[in-house]
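Only one structure is covered here, and it is reproduced in the block below.
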Amino acid sequence: MNLSDFAHTTVLLQETVDGCLNDPAGIYVDGTFGRGGHSRLLLSKLAPEGRLIGFDKDPLAINTGKELEQEDSRFQIVQASFADMKAELKALGIDQVNGILLDLGVSSPQLDDAERGFSFMKDGPLDMRMNPDAGLSAAEWCAQTSEEEIARVLKEYGEERFAKRMARAIINARADAPITRTRELAELIKEANPAWEKHKHPATRAFQAIRIAVNNELGDLEKVLAESVDLLLPHGRLAVISFHSLEDRMVKRFIRAQEKGRELPPGIPVPESMLGRTMKKMGKAIMPGNDEVRINARARSAVLRVAERLA
Ligand SMILES: C[S@@+](CC[C@H](N)C(=O)[O-])C[C@H]1O[C@@H](n2cnc3c(N)ncnc32)[C@H](O)[C@@H]1O
């Protein structure tokens, strides 16, 4: 099978790029380059002096980014987490940018390639790391994590009702032999799940939860949101697509907190400049229409939120 067999259909392509763009001659960041769908459209709208820096953890995404660097001198790719955006940009001599785009989660090529170990449908090594050269694999995570922590992850990140039973099943299985394959994990979770949801594999929630933990997805999101306040120029835009309710809640709360500014006792007159308001939301949350969901099932849970840095 070729790498090109694992294609990625970009979600909310036009809406996200339009949401993020404010000055065609500016500097932009695509924090989740993937296969470059958003990046390519953004580049097509940038002026010759515009710049785009792409980030990804995944070595295969980086390969695609290197190809794009050859095609377009306005583009640069960085293999790093978007959580380290501020330091990585600083190393490139960039303090502030006009727009930051994040299309969270995993790409279709990652899910579809059994060897990456994200899929409960196909057997493969139990890995799930976006960067297979850093951090614990899902197999190592399942081997080392306490029963309580496994249950917490499954419950909080997977909203899994049977988190405790599933955590116990993992502990029991690993006492016999290490869990090293996706199919083994999927089967034991399936058996520990007494109530299968319609049209959903019984291990869906647990796999998603373990992936979120292994890649520190919520921790990375929290850090990049906090850094975006200083990174964005006045009128700079932050555009984030979430696929998980926890991520979307985090983004929504972050934007609301930036709009609100400091918590002050009511009734005290305070000049606007002291309120500490840093961003305003741009319009309502955007969800893909039926036509997009029909051609790309991955889009069905997507939510895009855009905010603008105040002057
Ligand atoms: C949904 S895909 C992005 C697809 C991309 N917008 C496109 O059109 O091709 C998410 C990508 O972000 C990467 N990613 C996820 N979390 C990341 C993080 N914290 N830092 C850097 N890259 C990350 C994944 O490796 C994956 O390639």
### Task
May I ask for the distance between the Cα centers of region 58-106 and region 164-220, given as a whole number of Å?
32
### Task
Calculate, in nm to one decimal, what Ala195 and Glu147 gain on full extension: separation in residues at 0.36 nm each, minus their alpha carbon distance.
15.2 nm
### Task
Round to the nearest 10 and give me the degree value, 0 to 90, for the angle of helix 59-71's Cα axis relative to the longest principal axis of the chain.
30
### Summary
So the angle from the long Cα axis of helix 163-176 to the longest Cα principal axis of the chain, reported in degrees to the nearest 10, equals 60
### Summary
With only helices counted (DSSP H, runs n ≥ 4, each -39500 (n - 2.57)), the per-residue ellipticity at 222 nm for the chain, to the nearest 500, works out to -13000 deg cm²/dmol
### Task
Can you tell me which of 208-219, 180-191, 86-97 comes out highest on packing, and rank the rest after it, using the mean Cβ neighbours within 10 Å?
208-219, 180-191, 86-97
## Note on the structure
Under 5 Å from the placed amide H of Ile100, counting only residues 5+ away or on other chains, we find Val29, Arg237, Leu238, Ala239
### Query
Any idea which of Pro109, Thr278, Leu43 is furthest toward the positive side of the dipole for the chain, if Lys and Arg beta-carbons carry +1 and Asp and Glu beta-carbons -1?
Thr278
### Part-to-part distance (alpha-carbon centres) for region 239-311 and region 120-141, which is given in Å
31
### Summary
When the charge dipole of region 131-214 is computed with +1 on Lys and Arg Cβ and -1 on Asp and Glu Cβ about the Cα centre, the Cα farthest towards its positive end, among Asn193, Ala213, Ile171, belongs to Asn193
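Return Thr16, Thr9, Thr145 ranked ascending by Cβ neighbour count within 10 Å, so the fewest neighbours appear first.
Thr9, Thr145, Thr16
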### Summary
Footprinting proxy, Asp291, Asp58, Asp113: sorted fewest to most Cβ within 10 Å, the residues are Asp291, Asp113, Asp58
### Query
What is the Rg over Rh value, at two decimals, for the chain, using alpha-carbon atoms and the Kirkwood definition of Rh?
1.00
### Query
Which pairs, out of Lys57/Lys122; Lys86/Lys281; Lys66/Lys86; Lys45/Lys90; Lys57/Lys281; Lys86/Lys122, put more than 31 Å between their alpha-carbon atoms?
Lys86/Lys122
### Query
Using the Karplus equation 6.51 cos²θ - 1.76 cosθ + 1.60 (θ = phi - 60°), what ³J(HN,Hα) coupling, rounded to whole Hz, does each residue of region 139-155 give in order, writing x for Gly and Pro?
5, 5, 4, 5, 6, 10, 7, 5, 4, 4, 5, 4, 4, 4, 4, 5, 6
### Reachable aspartates and glutamates from Lys284, criterion Cα separation under 16 angstrom, eight or more residues apart if same chain
Glu15, Asp18, Asp248, Glu259, Glu308
### Task
Quick one: which residues, 5+ away or cross-chain, put their amide H under 5 Å from the amide H of Ala285? H built at 1.01 Å from N.
none
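All of the numbers you see were taken from the coordinates with simple rules; none came from a lab. Since the structure is predicted, the reported quantities are computational estimates derived from the model, not experimental observations. Neighbour counts are summed over all protein chains in view; Cβ atoms, including those assigned to glycine, are modelled from backbone coordinates with ideal geometry.
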